[in-house]
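Working notes for the structure below.
The values are calculated or read from the model by the stated rules, or taken from the named source; none is laboratory data. Note that the structure is predicted; figures quoted are calculated from it, not measured. Heads up, the Cβs are rebuilt from the backbone with ideal geometry, glycines too, and the neighbour counts pull from every protein chain shown. The area values use the complete protein model at the heavy-atom level, side chains included, leaving out ligands, DNA and RNA. Shrake-Rupley method; radii C 1.70, N 1.55, O 1.52, S 1.80 Å.
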Amino acid sequence: QVQLVESGGGLVQPGGSLRLSCAASGSIRSINTMDWYREAPGKERELVASITSGSSPTYADSVKGRFTISRDNAKNTVYLQMNNLKPEDTAVYYCHANLWKYYSSTYYSYWGQGTQVTVSS
């Protein structure tokens, strides 16, 4: 019914850049917040960046000044521009969205399948 599909991960050298995309599709009436989380091996999943429906962003301290989150509400898509990548940014990155479906008053939480980002020389 509702799917979040990420793309844009890969292998990059330290100091390099990547842009992640996440497109939401299905029976979606409205999306509230959209977020990017990451999970590194042996660590808990952590919030990287979040953006409201009005495009107000927040960032984890570890990525401030390097990552930029943005969204296109017409396309139900959220982006994460990652610059000056460091080896400690290596993780699986997950897209997340809080949304309302058509014909329902329930507030739903959906996750994407994840995309691997590896920063290594």
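When the residues of the stretch 24-45 are filtered to those that are of a type in the set (S, T, N, Q), touching a Ser or Thr at 6+ places or on another chain (Cβ under 8 Å) and at pLDDT 95 or above, the one that is most open to solvent (accessible area, probe 1.4 Å) is Asn32. For the stretch 1-34, a residue qualifies if it is under 18 Å from Gln113 (Cβ atoms), over 11 Å from the mean Cα position of the chain (by Cα) and of a type in the set (S, T, N, Q), and the qualifying residues are Gln1, Gln3, Ser25. Please go through the stretch 81-121 and pick out each residue that is part of a loop (DSSP other than H, G, I, E, B) and among the polar types (S, T, N, Q). Correct list: Asn83, Asn84, Thr90, Ser104, Ser105, Thr106, Gln113, Ser120, Ser121. Say we look at the stretch 46-56 and pick out the residues that are farther than 19 Å from Val119 by Cα and among the β-branched types (Val, Ile, Thr); which of these is surrounded by the most Cβ atoms within 10 Å (Cβ to Cβ)? Per the stated criteria, the residue is Ile51. Residues in the stretch 110-121 that are of a type outside the set (Val, Ile, Thr) and surrounded by fewer than 21 Cβ atoms within 10 Å (Cβ to Cβ): Tyr110, Trp111, Gln113, Gly114, Gln116, Ser120, Ser121.
Within the set Tyr59, Tyr107, Tyr94, Tyr79, the sole residue that is over 13 Å from the mean Cα position of the chain (by Cα) and either closer than 26 Å to Gln1 by Cβ or open to solvent by 50 Å² or more (accessible area, probe 1.4 Å) (or both) turns out to be Tyr107.
Pairs, please: C-beta under 8 Å, at least 6 apart or cross-chain, first residue at positive phi and in the stretch 52-77, second open to solvent by 50 Å² or more (accessible area, probe 1.4 Å) and at pLDDT 95 or above? Close Cβ pairs (under 8 Å, with a partner that is open to solvent by 50 Å² or more (accessible area, probe 1.4 Å) and at pLDDT 95 or above) amount to Asn76/Ser25. If you go through the stretch 3-23, how many residues are open to solvent by 50 Å² or more (accessible area, probe 1.4 Å) and of a type in the set (Val, Ile, Thr)? Residues in the stretch 3-23 being open to solvent by 50 Å² or more (accessible area, probe 1.4 Å) and of a type in the set (Val, Ile, Thr): 1 in total.
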